[in-house]
Structures are given as C-alpha cells and as structure tokens.
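Asks: First, the structure itself, so that you have it in front of you.
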Amino acid sequence: MAGLPATDDAYYRTAALVIEFRNVGKIYKSLLGNSVKAVEEFSLTVVDGEILGIAGPNGAGKTTLIAMMLGYLRPTAGAVEINGLPARQYVERNGIGYLSELIAINPKWRAETALVRFATLAGISRSEIRQRVGYVIDLLGLDEHRDKKVKALSKGNLQRLGLAQALLRDEQILVLDEPTHGLDPVWTQRFRDIVEELRRPDRTILIASHNLDELQRLADRVAIIDRGRLQRVVSTGYENTAPLAGARFRVTLASGHELIRAVFPQAEDAGRGEYDVTVRSIKDLNTALADLIGRGALVASVVPERSVLEQQFREAVGESQ
C-alpha cells in the first residue's frame, strides 16, 4: 500500500486538518502525591482520508492518548483539537465511532437488543435504527447470533459485536483499539476488507494495535510511541531508494544456486534453496536480483525478514538486533 508521506509539509498545507495533538502531556498523580508522566510533548497531525496506526509496548501511553482524543481525559499540558475544536467539544457535537480494547456489554442483553440500545444512545433516529442495526449485523456476520445473550457469545463474536456498535453511525472519525483481538483468521481478513471499504476521502481512521503486520497492511502511517513520547512516524509504503539500514530479505531460488554469492557475497544459506541477504535499499535489491536473473538464476520468491514497520519499531523502542 502506498503510504502518505510522514513529513511532507506541502501535503499538510493542502490537506484538511482533522486531529491535532499539540505538545500534549499527561501526568497522573496518586493520593500519596506521586506523579507519573504517561505522555510527554506529543505532537502529531492526522488528516482527512488517512488511516493512522498507533503502536507501542504495553504502558507506552497509547490508551492515554486515545482517552484525551475522545475527551475522556484533559491534557496536563498542550491541547488536542479536532477540526479546530477542543476534542471533548467536537465529540459532544459530532460523535466518534469507538471500539474500546475491553468490551463491556450487559451480559444479559441479546446481541440485537444491545445494538438497538447503542443506536438509540448514539442519537440515530427511530426510523433509521432498524436499517443501521441490520446493516452492521450483516457486515459483521452476526445474523445467526442476533438473538443470543451477550454472555453466550464467543470471544470472537463479542469482538465483532463491539465492532458493529462502533460502526452504527456513519462517523467521520473511527477509533479502533485492538480491533482484531480474539478474531479468527477468517474474520481477521474480513476486518481488513471492512477497513478498506470504510476508507474514504472525508473519513479518518485510527487503529491502535500490537499487531504490526495488521498495521503494515492497513495503515498509511504508523505512530510509534514509547515511554509516553512519539518516537517516530513510519510510512508503511516502500520507497524505491529509501535506505533500509541493512534490511534482510529471504531469496528462494528454483535454480542457479551456485550464482547467489556472485551477486550477494554475504548471502547466508537457510536451506531448501533459500538464502538470507542484506541490502541497503529496495533499489539495490532490485538491481542485484536483476543481475542474478541475468546470470541465469531462476528466482522463486523474495520476502522481507521483517516488514518496514517491524524494523522501524524495533529500532524505535530499543529492540534492534
């Protein structure tokens, strides 16, 4: 997926601003007077049409950032604005589609009843509730579960019910916290399809997740957070000449094994015709592969050992090996 530029000032001058974190900080104070800095000097702009991923270790500050953006918490320093309004004021006026990491729904409610009640609370008109509830039930494959009590739903089905409530209103902003948690592989793939269906020029989607592969596939950019600070913003698209800081790829050959070290002198034999090679850029990789093929080798596949995002994440949080 071609990513939006991470630091292209011209882009942000022309795109409509949607969400802006300006030097945001949040300090929690205990009853004993101790203080913990959950977020420090966090600045980031998210624009219309963008899917932004948020990644970081446990305790990095992701939940606090989301809570401030939703208006649940007030920043200790700085400001969070949406379309020029304080975050809480924007949410109260316009609403935001939100899936929390922990889904808490009355276990005695039936799935469809829960969605009808959420739709009512969301301000959907009575004449539209059935249509919207029917739409999200169909979208999330919940038809056979609509009459089940929430307590009888599996973890995956409960997650899909949570996603359904987040999509009841046709919101301009969606915030999804660990959206694939508990989903099986089939519904994980379906979730990816749903996100692509939801993508549109006037909608912004934020996805917080520990699943870097998911963010690599879905997000235009990923904000990597650690110890309360924004460490870097990563565009998920490869750039032809972008330096990769010694990225490793696994090259599988169908024939021409004797040629591999003539092109990749440091290639490591991984067995079964597979070789691990290190390159500085995508351009260098392609040049070398063209040379290898030109010498008569038959290349079966080339895959990165780590995605661009995983490599950047490890470097950002000090886990680079």
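Asks: Within the set of other residues whose C-beta is less than 10 Å from the C-beta of Arg203, count the net charge using Lys and Arg as +1 and Asp and Glu as -1.
Replies: Its environment carries a net charge of -3.
Asks: Take the Cβ-Cβ distance between Arg126 and Arg146 as r, set R0 to 22 Å, and report the resulting FRET efficiency rounded to the nearest 0.05.
Replies: 0.70
Asks: Additional query: Taking the Cβ of each residue in Phe249, Phe313 as the centre, tally the other Cβ atoms inside 10 Å and list the residues starting with the fewest.
Replies: Least crowded to most crowded, the residues run Phe249, Phe313.
Asks: Which whole-Hz ³J(HN,Hα) couplings does the stretch 98-104 yield from phi under the Karplus relation 6.51 cos²θ - 1.76 cosθ + 1.60, θ = phi - 60°, glycine and proline marked x?
Replies: Each residue's phi maps through the Karplus curve to give 9, 10, 7, 5, 9, 8, 10 Hz.
Asks: Roughly how big is the stretch 15-148's charge dipole about its Cα centre, with Cβ charges of +1 (Lys, Arg) and -1 (Asp, Glu), in debye to the nearest 20?
Replies: 580
Asks: Test of understanding: ordering Asp193, Asp213 by Cβ neighbours within 10 Å, fewest first, what list do you get?
Replies: Least to most surrounded, the residues fall as Asp193, Asp213.
Asks: For Lys149, which lysines qualify as cross-link partners when the Cα separation must be under 25 Å and same-chain residues fewer than eight apart are set aside?
Replies: By straight Cα distance, Lys149 reaches Lys108.
Asks: Provide the per-residue ³J(HN,Hα) series for the stretch 125-132, in order, calculated from phi with Karplus coefficients 6.51, -1.76, 1.60 and θ = phi - 60°, each as a whole number of Hz, with x at glycine and proline positions.
Replies: 5, 4, 6, 9, 4, 4, 5, 5
Asks: Given points 7 Å out from each Cα along the Cα-Cβ axis, report the Arg280 to Ala267 separation in nanometres with one decimal.
Replies: 2.1
Asks: Could you give me D for the stretch 97-170, from Stokes-Einstein at 25 °C and 0.890 mPa s, where the hydrodynamic radius is the Kirkwood radius over C-alpha pairs? Units µm² s⁻¹, please.
Replies: D = 205 µm²/s.
Asks: Relative to a virtual label point 7 Å from the Cα of Thr188 in the Cα→beta-carbon direction, which members of the stretch 292-318 show backbone nitrogen distances below 11 Å?
Replies: Under cut-off, by backbone N: nothing.
Asks: When a footprinting reagent is the concern and you count Cβ atoms within 10 Å, what order do Asp226, Asp202, Asp284 take, fewest first?
Replies: Asp202, Asp284, Asp226
Asks: Also: Each residue of the stretch 51-57 in turn: what ³J(HN,Hα) in whole Hz from Karplus with 6.51, -1.76, 1.60 and θ = phi - 60°, glycine and Pro shown as x?
Replies: 10, 9, x, 10, 10, x, x
Asks: Would you compute the Debye intensity of the stretch 243-316 from its alpha-carbon atoms alone, equal scatterers and no solvent, and pass along log10 I(q)/I(0) at q = 0.11, 0.14, 0.18, 0.25 Å⁻¹ to two decimals?
Replies: Calculated log10 I(q)/I(0) at the listed q: -0.26, -0.41, -0.66, -1.16.
Asks: Then there is this: Treating the beta-carbon of each Lys and Arg as +1 and of each Asp and Glu as -1, no other charges, what is the dipole magnitude of the stretch 243-316 about its Cα centre, to the nearest 20 debye?
Replies: Taking the Cα centre of the stretch 243-316 as origin, the dipole is about 120 debye.
Asks: When ranked by the protection proxy of mean other Cβ atoms within 10 Å per residue, highest first, what sequence do the peptides 182-189, 132-139, 28-35 form?
Replies: 132-139, 182-189, 28-35
Asks: Under a Cβ-only charge scheme (Lys and Arg +1, Asp and Glu -1), can you give me the dipole magnitude of the stretch 97-170 about the Cα centre, in debye to the nearest 20?
Replies: 320
Here, each number is a calculation from the coordinates, and none is a lab measurement. None of the values given here were measured: they were computed from a predicted structure. In this analysis, Cβ positions are derived from the backbone assuming ideal geometry, glycine residues included, and neighbour counts consider all displayed protein chains.
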